[in-house]
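So the structure is just underneath, and the comments pick up after that.
Just so it is clear, none of the values below were taken in a lab; they were calculated from the coordinates. On a predicted model such as this, the values are computed, not experimentally measured, just so you know. No Cβ is skipped: glycine too gets one built from the backbone with ideal geometry, and neighbour counts run over all protein chains shown.
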Amino acid sequence: MKGLEILGGVSKGVKLVVPSGVRPSSAKVRGVFFNIVSNLIDNSLFLDLFAGSGAVGIEALSRGASKVYFVEKSFSVCKILQKNLLKSGFEKERYKIIRGDVLKVLNYLNEKFDIIYADPPYDFKKYQILIKKVKKVLKKGGILVIEIFHKTPIKLELCDSFSFLNERRVGDARLLFFKG
């Protein structure tokens, strides 16, 4: 297992464990993302989909999100995510870990989120379904960000229920920003 570090906020410098087989968002990708949404993080309700190590959601907590929901399918990865949250020092009231398939979990979430970050595996194919389901849990005016492999074709017309804001290429990743 390799590690990565929280870049900013109250937990800056905390080293997180990255489970085997998980591709975390790189420091550069997280840096670009948080620079763009920095004025929206404070007191936000944040949803980290395909959470893995939890780096993005923990960074959101560190920078002032009021609560973060983490959705991760793997039981063993959830255990490491829980350890990373404890290591970062956040009270349990500020986060919730949901173990399950993202596309199924989105069917029963009752919250409306200010910011949703989705970082599916690079071989993920169900973007149309993901985007349709995310629409139900994103607040009006909220931000959806999808991290994809830079060569992955994604039809922006699939996202017609959102306003396309921006796209950033960072190394092997592309960040797609939408407004609900």
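Kindly express, to the nearest 10 degrees and within the range 0 to 90, the angle between helix 75-88's C-alpha long axis and the longest C-alpha principal axis of the chain.
Roughly 60 degrees between the two axes.
If you rank TYR122, TYR127 by fewest surrounding Cβ atoms within 10 Å, what's the result?
The fewest-first ordering by Cβ neighbours comes to TYR122, TYR127.
Given contacts defined as C-alpha pairs under 8 Å and at least six residues apart, what's the relative contact order of region 11-117, whole-number percent?
The value is 31 percent.
Which of LEU106, LEU16, LEU86 moves most in a GNM of the chain, Cα contacts under 10 Å?
Its mean-square fluctuation being the largest, the pick is LEU86.
Over 30 Å between Cα atoms, which of LYS92/LYS125; LYS15/LYS135; LYS87/LYS132; LYS28/LYS133 qualify?
Among LYS92/LYS125; LYS15/LYS135; LYS87/LYS132; LYS28/LYS133, the Cα-Cα distance tops 30 Å for LYS92/LYS125; LYS15/LYS135; LYS87/LYS132.
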